[in-house]
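Reviewing the structure listed below.
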Amino acid sequence: MTFSVHHYALELDYKPHSARLSGRAVLQASCASPLSSFSLSFGSLRISKVLVNGRPARYGHAGGVLNVRAAVRGSFSVEVRYSGTPTPISTPEWGDLGWDELTDGSIVASQPIGAPSWFPCLDHPSSKASYHLEVTTPSPYTVVCNGVLVDGKVSGSTTKWTYSMAAPMATYLATVQIGQYVEALPGVWAPARLKRLVAHDFGRQNQMVELFSSLFGPYPFARYAVVVTDDALDVPVEAQGLSTFGANHVDGRRGSERLVAHELAHQWFGNSVGVAEWEHIWLNEGFACYSEWLWSEASGGRSADACATGARDLLRRLPQDVVIGRPDRADWFDDRVYKRGALTLHALRREMGDDSFFALLREWCARHRHGVVTTEDFLALAGHRDLLTRWLFKPELPPR
C-alpha cells in the first residue's frame with residue numbers, strides 16, 4: 001500500500017423507512033513518498049464532493065474504486081460526501097456483504113470485503129485505524145456501533161449517536177447496528193419481545209470474559225456489546241468490541257452458547273490480534289473455535305478433548321483437500337478451517353502441557369495486541385514446527 005489511513009471520522013444520517021443514507025467521511029492519512037493520486041475502495045453510493053486537505057479535488061468513481069487525483073505528501077486529509085441507498089457488495093463465495101436492511105432497521109456485516117458498501121476506505125485486513133462514528137436516526141431507533149458511547153443527543157424527532165473506537169480497527173470490523181432495541185442486560189441489546197430469552201441465553205457472558213481473560217490476557221478493548229436482531233441471521237456477525245446475533249440464535253435454553261463464546265473470543269483473536277492477509281484466517285477462526293471448547297470444558301460441558309474427538313470424526317468424513325495454513329479464497333470461511341484450526345491448537349496443547357500452552361496464548365495476545373500477524377509469526381513464537389506443519393500445511397488429517 002502506497003499510503004496509510006490512521007483515523008476515520010464518519011458522520012451518517014440514516015432514515016430506516018426509506019433506507020436512505022447520507023454520509024460525510026473524513027480520513028486522516030499519510031504517505032512515505034509524494035503521490036500524485038491515490039485510490040480508496042467505495043461501493044455504489046453517489047459522491048457529491050471530495051476534498052483533500054480542505055480543497056476540492058478531481059476524482060473518478062467506478063467499479064467500486066474511488067480514484068482521487070491530488071498531489072499529497074506526508075500527512076493529509078481526505079473528505080468524501082455521499083448519499084444514496086446502501087447496496088451490499090455481492091460476492092460469489094460469501095453472498096452479500098456490508099450494509100443491509102433488516103425488516104425494521106439495518107445491519108452491517110462486512111467480513112471480509114463489505115466495508116466499502118457504506119464508507120470509503122483502505123479496505124485491507126492489515127490496515128487498522130481509530131474511528132469516530134456519528135449516526136443520526138429517528139429517535140425510536142437505537143444505534144450500536146464499535147467503541148464507547150460518547151453522546152446520544154436528541155434533537156426534535158431524531159437522535160445523534162456518537163461512538164469512539166480508540167483502539168486500531170480493521171475496516172471489515174467497523175459496524176453500525178440500527179433497530180428498535182431495549183437493553184436486555186448491560187451492553188446487550190435486543191427487541192423487547194426477546195428481552196427475557198436474551199437475558200437468559202447471554203447470562204453467562206461475563207463468566208466467559210473472566211475465563212478468557214485468565215487464559216488469554218486482559219480483555220483488549222474498553223467495552224463489549226451484543227446486539228440481537230429481530231430477524232434471523234445465517235451466522236453471528238463479528239465486529240470489534242461488538243457481536244451481532246439473529247433472533248434464531250436465542251431459544252431460552254442457551255442452545256447457541258458456543259457461538260456466544262466464539263464471537264467473544266474474536267475480541268482477542270481476530271480483532272486485537274488481526275491477520276496481515278486473509279490466507280492466515282485460521283489464526284482468527286481456529287482460535288475462536290477452540291475457545292468454544294475451552295468454555296464447554298470450564299462450564300461443565302464436554303471437555304476440550306471430547307470436543308476435539310467429535311470434530312476429528314467429522315473431518316474424517318469430509319474431503320481432506322484444504323490446507324488451512326494458506327487456504328484458497330473460496331475456503332477462507334470453510335468449516336474445515338475452523339475445526340482443523342481448533343484441532344491444531346488442541347494437538348499443540350497436548351504436546352506442550354497446559355501451563356506452557358496457555359502461557360503461549362497470553363504471550364501471543366500481549367506481543368501482538370492491536371497489531372497484525374501471520375502464520376509464520378505464530379510458528380516462530382510457538383516452536384514445535386514439525387507438529388504444526390503437519391496440521392497447517394498438509395491436507396491429510398494427521399494421526400491423533
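The values are calculated or read from the model by the stated rules, or taken from the named source; none is laboratory data. No experiment lies behind these values; they were computed from the predicted model shown. Here the Cβ is made from the backbone with ideal geometry for all residues, glycine too, and neighbour counts use every protein chain on show. Keep in mind that these areas ignore ligands, DNA and RNA; they rest on the heavy atoms of the full protein, side chains included. Shrake-Rupley method; radii C 1.70, N 1.55, O 1.52, S 1.80 Å.
Miscellaneous remarks
- The condition of being under 21 Å from Leu173 (Cα atoms) and open to solvent by 30 Å² or more (accessible area, probe 1.4 Å) holds for only one of Asp96, Asp104, that being Asp96.
- Yes/no for Ser83 being among the small types (Gly, Ala, Ser) and within 21 Å of Phe333 (Cα to Cα): no
- Failed item, numbered, when Gly98 is tested on (1) touching a Lys or Arg at 6+ places or on another chain (Cβ under 8 Å); (2) within 28 Å of Thr159 (Cβ to Cβ): (1)
- Subset tally (residues that are in a helix (DSSP H, G or I), among the aromatic types (Phe, Trp, Tyr) and out of contact with any Ser or Thr (no Cβ under 9 Å at 6 or more places or on another chain)) for the range 326-371: 3
- For the range 374-394, the criterion of being surrounded by 20 or more Cβ atoms within 10 Å (Cβ to Cβ), under 21 Å from the mean Cα position of the chain (by Cα) and under 27 Å from Ala167 (Cβ atoms) is met by at least one residue.
- Failed item in (1) in contact with a Leu (Cβ under 9 Å, 6 or more places away or on another chain); (2) without any contact (Cβ under 8 Å) to a residue 60 or more places away in the chain; (3) among the β-branched types (Val, Ile, Thr), with Val144 passing the rest: (2)
- Filter result for Glu183 (acidic (Asp, Glu), within 30 Å of Phe357 (Cβ to Cβ) and modelled with pLDDT of 95 or more): no
- Answer residue from the range 140-172, given it is β-branched (Val, Ile, Thr) and open to solvent by less than 20 Å² (accessible area, probe 1.4 Å) and is farthest from Ile281 (Cα to Cα) among those: Thr159
- Strands (runs of 3 or more DSSP E) fully within the range 13-104 counting 3 or more residues that are of a type in the set (Gly, Ala, Ser) and touching a strand residue (DSSP E or B) at 6+ places or on another chain (Cβ under 6 Å): 20-35, 72-84
- In the set Asn271, Asn284, only one residue is polar (S, T, N, Q) and touching an Asp or Glu at 6+ places or on another chain (Cβ under 8 Å); that residue is Asn271.
- Yes/no for Glu279 being buried (at least 18 other Cβ atoms within 10 Å of the Cβ) and among the charged types (D, E, K, R): yes
- Pairs where the first residue, in the range 32-50, is over 25 Å from Pro112 (Cβ atoms) and the second is loosely packed, with under 11 Cβ neighbours inside 10 Å and at pLDDT 95 or above, C-beta under 7 Å, 6+ apart: none
- Per-region count, the range 53-89, residues in contact (Cβ under 8 Å) with a residue 24 or more places away in the chain and at negative phi: 23
To keep it simple, each residue is scored yes or no on (1) of a type in the set (S, T, N, Q); (2) outside any strand (DSSP E or B).
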position: Leu133; (1), (2): no, no
position: Thr137; (1), (2): yes, no
position: Pro140; (1), (2): no, yes
position: Met165; (1), (2): no, no
position: Pro168; (1), (2): no, no
position: Lys195; (1), (2): no, yes
position: Gln207; (1), (2): yes, yes
position: Glu210; (1), (2): no, yes
position: Pro220; (1), (2): no, yes
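- Evaluated against (1) part of a helix (DSSP H, G or I); (2) open to solvent by 40 Å² or more (accessible area, probe 1.4 Å), Pro319 falls short on exactly one condition, (1).
For every residue, the table says whether it meets (1) part of a loop (DSSP other than H, G, I, E, B); (2) among the β-branched types (Val, Ile, Thr); (3) open to solvent by 40 Å² or more (accessible area, probe 1.4 Å).
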site	(1), (2), (3)
Val235	yes, yes, yes
Arg253	yes, no, yes
Ala261	no, no, no
Leu283	no, no, no
Cys289	no, no, no
Arg312	no, no, no
Ile324	yes, yes, no
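- Residue, nearest to the chain's Cα centre (by Cα), within the range 142-163, restricted to residues that are at pLDDT 95 or above, closer than 19 Å to Ala25 by Cβ and part of a strand (DSSP E or B): Cys145
- Residue check for Glu285: acidic (Asp, Glu) and closer than 30 Å to Leu102 by Cα: yes
- Among the residues listed as Ser33, Ser4, the single one being open to solvent by 50 Å² or more (accessible area, probe 1.4 Å), over 29 Å from Thr91 (Cβ atoms) and modelled with pLDDT of 95 or more: Ser33
- For the range 78-95, the set of residues classified as at pLDDT below 95 and charged (D, E, K, R) consists of Glu93 only.
- In the range 173-187, the residues that are within 24 Å of Val273 (Cα to Cα) and in a strand (DSSP E or B): Val176, Gln177
- Set Thr137, Thr175, Thr229: member being polar (S, T, N, Q), crowded, with 18+ Cβ neighbours inside 10 Å and farther than 22 Å from Trp94 by Cβ: Thr137
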